[in-house]
1. Which far-off residues, 5 or more places away or on another chain, put their amide H under 5 Å from the one on A:V68, with H placed in the peptide plane?
2. Below 15 angstrom from the Cβ of B:G149, what's the summed charge of the other residues (Lys, Arg +1; Asp, Glu -1)?
3. Can you list residues from other chains, or at least 5 along the same chain, whose modelled amide H is less than 5 Å from the amide H of A:Q258?
4. Could you derive backbone 3J(HN,Hα) for segment B:274-288 from the dihedral phi with the Karplus parameters 6.51, -1.76 and 1.60 (θ = phi - 60°), listing whole Hz in sequence and x where the residue is Gly or Pro?
5. If contacts are Cα pairs under 8 angstrom and at least 6 residues apart, what is the relative contact order of segment A:1-104 in percent?
6. Would you tell me the mean number of C-beta atoms belonging to other protein chains that fall within 10 Å of each C-beta in B:248-256, as a whole number?
7. How much FRET efficiency would the formula 1/(1 + (r/R0)^6) give for B:A55 and B:A199, where r is the Cβ-Cβ distance and R0 is 45 Å, rounded to 0.05?
8. Determine, for each peptide in B:139-146, B:205-212, A:22-29, the mean count of other beta carbons within 10 angstrom over its residues, then list the peptides with the highest first.
Amino acid sequence: MSPRVGIISVAHMHALSYANALNTLGVGVAGVYDTDAARGAEMAERFGTRFFDELDTLLAEGLDAVIVCSENAKHRVHVEAAAGRVPHILCEKPIATTVEDAQAMIDVCKAAGSKLQIAFPVRFAPPVQRLKDLLKSGTLGRLISAKCTNHGRMPGGWFIDKEKAGGGAVIDHTVHVMDVLRWALGTEVTEVYAEVGHGLLHDTEIDDAGMLSFSLENGMYGTLDTSWSRPENYAIWGDVTLEILGERGLVRVDAFKQTLTLTSAPAHKTEWVGWGSDADLGLVQDFLEMIQTGREPSITGEDGLKALEVALAAYRSADIQKPVSLRTQEAA
Amino acid sequence: MRRVGIIGAGLIGSWHAARWQNLPVEFVGFYDHTPENAERAAQEFGVSTFNSLDALLTNVDLVDVCTPTSAHKEGVLAAAAAGKAVVCEKPIARHLKDAEEMIAACETAGVPLFIAHVVRFFPQYAKAKALQDTGELGRPGVLRTVRAGSFPRPDPDTWYNSFEEGGGVVMDLSIHDLDFARWLFGDVERVFARGLTFADESMRDHSLITLRFKNGAIGHIEGSWASPPGQFRTALEIAGEGTLLEWDSSDPSPFTVQVDAAKTGDEKIPGADNPLAEADDPYYLELKHVLESLDADEPFLISPHDGLMALKLSLAAIESIKTGQPVAVEGFTEEVTA
């Protein structure tokens, strides 16, 4: 029997993509809860499922899993509510807005016996999986640096509300790339320096541009541009690129650059229309496989926490204008 | 579970075999005119070999014909006579009369016939077609395609090098884009082409085909076995009224590796790649489509007539190269010199 999966809040637009994936995989959506009744009800109707205006009622449905797509700062309260009542929880990134919240989420899930997975879909983009294979093969020899970008458009809404999002472009985009690097290289970030721009590109007070420079435990160094530097009429939402330099070669990944270029005079724009494999689908498939096989999550709460720590260290570095060091796993 | 067997244990045969093994069928094995080929492939995939076409046919429910073009007819007619569903690699046949005979035999026997024009299952081409169908591309105007590489085999002793057996680059390679063009813009009024097909060149062929569609649109199809060795290139450009859709495999790829070969000692590192999830692989999708259509008793995305028309377009282009004149597709008949 296919698992029953509910959605807690559709504040983050990825909820739509995950729900589509659940449909594609023949699982469907077992119910939607949201604090915004109009938004939640619309989503529920779209997926032919029930809207719940009380979280408690949704959780009483005896679900096999929930996907938490609320505003970042609400992840903790929603995961805490689900822990122990729902055995599998997929939480949108970043895991939380503070280390304390993230740790509490990990702890409560562990204590209650619920499995917590963090949604890092970039791992499931085939070009990124190919990168991991190449790095593992040792072909590039000693690895030197990682030059990365995760650009985007200015998302607006609660994404630019510090209380709800925990920050702007830096927290939004750092976690994706740091997760991919940690996963593909099997190493940790040891130090971060960052220049962060507030309202550099848009009429906003929150950080909308960020340039991180980091060092890794394996001896590599690297940079990451997290800026919301893609104008609204840019050809695509943004990018995730990773350029890894080794002593024997160079690999460049542009994870979502499998596109057709569509120019339309009536629409006054040129658009890059994707045709590559759907990374969100890969993520949801992996989550369902965990439920069906009973294995551990492929992306753990600790992975979410580690990526968050780098983003928070970047903000701190920008504040004090000095590199910030991160404690290593082994030291703990 | 359906039992599937492959006739022709060459390159395409092993590509298909790898996909059949990931699909819900029992892939039983190979038959090949050259028993050593079947042996080698059977060993690679851990399946059986059959020492005759009949032996294979009695042990399968579906036959996948992956032989050289000129042998498609034999495999398909045998499958039809045995009442087995058939997948036939493109082109449907070497000659129009053969294709007509194959289609008629399958119809009479009530046997489903799928012509494997796999380009329709490549995600970028499928996406282009979907955009056309949903009206996001303007009224069809100008189509351009490229399919260009070096000669597909290292030595001249291959059917690819024989116009009589394979029809050269127009019939073997450009037929992919001719089928796609017809799928996208509809039937073709006339064809004009120039190329090397009759230039008596060994291990080299090239052609530039010009199309006029019945809906008024025009098109250009390049097919090449004359590029310098290295990367195979495909490109697609669809201009409509007020719209332009572009794709080129030589654009920066999502995955590019440069290595210092002197230091790695490894020449086999791919330079650039367009990786896809296994479930999005075009050959997998194509064969999965065959199974799903058979299960649902629905027509295939590619009808036998589509296969016939793609062949007819390639023959019309070849005729034009030969005569230097435009060739009308309707009423076109192939003169076969015995």
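1. A:I8, A:L90, A:C91, A:E92
2. Net charge in that neighbourhood comes out at -1.
3. A:W275, A:G276
4. 10, x, 10, 5, 3, 5, 9, 5, x, 5, 5, 4, 4, 6, 5
5. Relative contact order comes out at 27 percent.
6. Shielding by partners across B:248-256 averages 6.
7. With R0 = 45 Å, the Cβ-Cβ based efficiency is 0.55.
8. So the peptides B:139-146, B:205-212, A:22-29, ranked by packing, come out B:205-212, B:139-146, A:22-29.
Each reported figure results from applying straightforward, stated rules to the coordinates on display, with no laboratory input. Keep in mind that this is a model prediction, so the values were computed, not measured. Every residue, glycine as well, gets a Cβ built from its backbone with ideal geometry; the counts of neighbours run over all protein chains shown.
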